[in-house]
Amino acid sequence: MLKRRPRTPPPRAKSSVAAPSWTTPATTDLFRTIAGLKSPQEAERFFRDLCTIPELHTLAHRWEVAKLLDQGVHYADIAERTGASTATITRINSWRRFGTGGYRLLLDRRKAGSK
């Protein structure tokens, strides 16, 4: 029988600013790559190659829940519209309200762009 080796986390990214504990050189490189995409078409091509269809649907699903929460839609209505559990909706809402500001940044940017 093969023994499983314990998983060790990858090394953290080094930076002059304290990096979040979950970042690595690989995640930093990924985010820089994503930030370099020039159009929705480029993003579509890149993410389709990077992710499986279920992964893409999960990301899109979370974004849809965040948008509905930002519009003030009630949890029960969001659950009915999207099929998301109230636990998932609560988690997304917590990150939207108290997270790193990523949801807020893009939700506000979308609102400003639609005016």
Within segment 74-86, considering residues that are assigned to a helix (DSSP H, G or I) and touching a residue at least 12 places away in the same chain (Cβ under 8 Å), the one surrounded by the most Cβ atoms within 10 Å (Cβ to Cβ): I78
Candidate set from segment 33-43 (those that are more than 15 Å from the chain's Cα centre (by Cα) and of a type outside the set (S, T, N, Q)); member that is surrounded by the most Cβ atoms within 10 Å (Cβ to Cβ): L37
Some residue of segment 52-68 being in contact (Cβ under 8 Å) with a residue 24 or more places away in the chain and out of contact with any Leu (no Cβ under 9 Å at 6 or more places or on another chain): yes
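Filter segment 87-115 down to residues that are in a loop (DSSP other than H, G, I, E, B) and more than 15 Å from R62 (Cβ to Cβ) and give me whichever is modelled with the highest pLDDT.
Pass one, segment 87-115, residues in a loop (DSSP other than H, G, I, E, B): 99-101, 114-115.
Those left that are additionally more than 15 Å from R62 (Cβ to Cβ): 101, 114-115.
On the way: G101: 95, S114: 79, K115: 66.
That would be G101.
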Options T58, T28, T23; residue that is at pLDDT below 95 and surrounded by 11 or more Cβ atoms within 10 Å (Cβ to Cβ): T23
Qualifying residue in segment 62-73 (condition: exposed (fewer than 15 other Cβ atoms within 10 Å of the Cβ) and under 24 Å from T23 (Cβ atoms)): yes
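The values are calculated or read from the model by the stated rules, or taken from the named source; none is laboratory data. Quick caveat: nothing in here was measured; it's all calculated off a predicted structure. A quick note on method: Cβ atoms are made from the backbone with ideal geometry, for glycine too, and the neighbour counts reach across all protein chains shown.
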